[in-house]
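The values are calculated or read from the model by the stated rules, or taken from the named source; none is laboratory data. A quick note: this is a predicted structure, and the numbers were derived from the prediction, not measured. Note that we place each Cβ from the backbone using ideal geometry, even for glycine, and neighbour counts take in every protein chain shown. These accessible areas exclude ligands, DNA and RNA; they are computed on the full protein's heavy atoms, side chains included. Shrake-Rupley method; radii C 1.70, N 1.55, O 1.52, S 1.80 Å.
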Amino acid sequence: MKTALFIGFVWPEPKTTAAGHRMLQLLTSFKKKGFDLIFTSTAQKTNYSEDLSKLDITTTTIKLNDSSFDEFIKKLKPNIAVFDRFMVEEQFGWRVAESAPNALRVLNTEDLHSLRNTREVCHKKGEEFTTEKWIGNDMAKREIASIYRSDLTLLISPTETELLKAEFHIPEDLLFTLPFMVEAAANKNNQELPSFEERKDFLFIGNGKHAPNVDAIKYLKTSIWPLIRQELPQSNLNIYGAYLPQQITEMHKPKEGFYVHGWLEDLDKTLQQIRINLAPLRFGAGIKGKVIDGMCNGTPTITTAIGAEGIPNYTDYYDEPTDFAQKAIETYCNKETWLLVQKLGFNTIKNHFSEEQLTPILFHKIDLVSQQLEGHRSKNFFGALLMHQTMASTKYMSKWIEEKNKKTL
């Protein structure tokens with residue numbers, strides 16, 4: 001049996017974040033493939049953390065900047081080590097390379113954090129996002145370095161894969177596009193779900209620790225929901241999400257049809273009672289889990305260009321508040337339009353996000369790289385250069401000597 005070590009940035013919370021759901025999909029896929037799984041993290045577990053023992057996954061905590069990890073991985077001898085986001089690879093990638101050199105090092109990005117960060121900075125400054133600003137972001141340098149140091153990087157959005165190849169000229173064999181993997185049972189059809197007439201109201205779902213979600217809720221409250229409510233005075237907007245900050249919970253205004261509920265135990269059940277899913281995201285990256293959840297449950301989503309990014313053939317988006325509100329009202333009131341959007345969602349999940357189709361492709365790629373690992377690494381000169389770190393070592397040795405000399409004066 002092969003062994004896969006997952007090093008998590010946090011413990012997976014599939015009921016609070018799309019990233020947690022994505023991680024659970026990966027773990028489940030590896031488990032079905034017959035891997036012995038070990039999940040580790042330096043983070044603290046929360047009340048929302050998934051009980052991985054129910055999936056027969058071994059869990060253990062690890063320490064930062066501690067050689068105990070080296071001994072741990074030497075004994076484990078994993079075939080694959082998966083780093084959850086580039087910050088984790090920075091901390092543990094070199095340790096895996098030294099103590100388990102034959103392990104395939106896989107970086108799971110969730111989304112490109114530097115891209116999301118640059119877009120957020122531009123949005124807050126009221127500036128237009130450009131790839132030049134992204135390239136100049138220090139976080140981008142760290143993230144790109146992490147990609148080069150890894151044997152394979154998983155990207156959830158094909159848009160991000162193309163951006164990395166076009167803007168940073170990263171070799172294609174280092175990248176692998178792997179969108180959300182939806183089990184067949186999770187993609188419903190309209191015969192199984194409540195009808196148009198049985199549904200009512202609007203919904204927004206988003207974790208309060210995620211800046212794009214907080215911004216989207218504020219945008220809804222101030223610019224979009226008043227326009228919808230004016231035309232549909234009996235309708236309500238329900239805001240759901242774990243870790244919602246006080247500034248959001250204070251927006252709870254039942255008289256305005258604006259309800260802030262907090263964490264939601266069963267998202268699928270609630271989505272199936274809702275007529276329209278709203279996702280007015282103004283910055284972000286990756287593929288948005290809230291849009292995929294809407295599609296799976298037959299709930300049409302009105303979104304922006306950012307919200308639609310990475311989803312094949314998804315060209316129906318609205319970046320102006322008036323256009324966004326008008327489309328939401330039209331889809332809410334027009335059964336024919338609503339059914340058309342619902343059908344497109346079902347087909348999108350079936351054709352582009354099927355676990356049954358994606359899993360064999362993933363493991364074919366993993367097997368291919370693993371079997372040719374030495375040659376694969378030899379072609380990645382920049383990765384080897386970054387792992388060598390001779391220039392950084394002289395810099396920090398010089399700084400250390402300088403500080404040491406100060407103390408002896």
* To do: Give just the number: which of (1) touching a strand residue (DSSP E or B) at 6+ places or on another chain (Cβ under 9 Å); (2) under 30 Å from Glu98 (Cα atoms) does Gly289 not satisfy?
  => (2)
* Structure fact -> Checked Thr159, Thr153 against criteria (in contact (Cβ under 8 Å) with a residue 24 or more places away in the chain, part of a strand (DSSP E or B) and not hydrophobic (A, V, I, L, M, F, W, C)); the one match is Thr153
* Asked: Are there any strands (runs of 3 or more DSSP E) wholly within the stretch 234-317 with 1 or more residues that are free of Cβ contacts under 8 Å to residues at least 40 places away in the same chain, buried (at least 17 other Cβ atoms within 10 Å of the Cβ) and not polar (S, T, N, Q), and if so which?
  -> 237-240, 258-262, 301-303
* For Gly383, are the conditions met, namely being touching a strand residue (DSSP E or B) at 6+ places or on another chain (Cβ under 8 Å) and either under 28 Å from Leu174 (Cβ atoms) or part of a helix (DSSP H, G or I) (or both)? -> no
* To do: Only residues in the stretch 353-376 that are part of a strand (DSSP E or B) count as the first member; pair them with residues that are open to solvent by 20 Å² or more (accessible area, probe 1.4 Å) and of a type in the set (A, V, I, L, M, F, W, C), Cβ under 8 angstrom, at least 6 apart or cross-chain, and list the lot.
  => Ser354/Ala184
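Considering each of Phe381, Phe353 in turn, give the residue that is of a type in the set (Phe, Trp, Tyr) and open to solvent by less than 40 Å² (accessible area, probe 1.4 Å).
On the way: Phe381 fails: open to solvent by less than 40 Å² (accessible area, probe 1.4 Å).
Just one listed residue meets the conditions, Phe353.
Taking the stretch 314-345 as the region of interest, how many residues are under 10 Å from Pro300 (Cα atoms) and aromatic (Phe, Trp, Tyr)? If you could, list the steps in order and put the result at the bottom.
Applying the first criterion (under 10 Å from Pro300 (Cα atoms)) to the stretch 314-345 yields 328, 331-332, 337-345.
Then keep just the ones that are aromatic (Phe, Trp, Tyr); that gives 332, 338.
Looking only at that region, the number is 2.
Would you confirm whether or not the stretch 180-193 contains a residue that is part of a strand (DSSP E or B), among the aromatic types (Phe, Trp, Tyr) and in contact (Cβ under 8 Å) with a residue 40 or more places away in the chain? It would help to see each step written out before you state the result.
Kept after step one, since they are part of a strand (DSSP E or B), are these residues of the stretch 180-193: 182.
Subsequent filtering for residues that are among the aromatic types (Phe, Trp, Tyr) retains none.
No, every residue in the stretch 180-193 fails to be part of a strand (DSSP E or B), among the aromatic types (Phe, Trp, Tyr) and in contact (Cβ under 8 Å) with a residue 40 or more places away in the chain.
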* **Selection within the stretch 126-139 - part of a helix (DSSP H, G or I) and surrounded by fewer than 21 Cβ atoms within 10 Å (Cβ to Cβ)** => Thr131, Glu132, Lys133, Ile135, Asp138, Met139
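Scan Ala166, Ala186 and give me the residue that is surrounded by 15 or more Cβ atoms within 10 Å (Cβ to Cβ) and small (Gly, Ala, Ser).
Numbers: Ala166 fails: surrounded by 15 or more Cβ atoms within 10 Å (Cβ to Cβ).
Within the list Ala166, Ala186, the selection yields Ala186.
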* **Within the stretch 197-228, tally of residues that are farther than 23 Å from Gly298 by Cα, open to solvent by 40 Å² or more (accessible area, probe 1.4 Å) and of a type in the set (D, E, K, R)** => 3
* Asked: Which one is surrounded by the most Cβ atoms within 10 Å (Cβ to Cβ) among residues in the stretch 140-162 that are among the hydroxyl-bearing types (Ser, Thr, Tyr) and touching a Leu at 6+ places or on another chain (Cβ under 7 Å)?
  -> Thr153
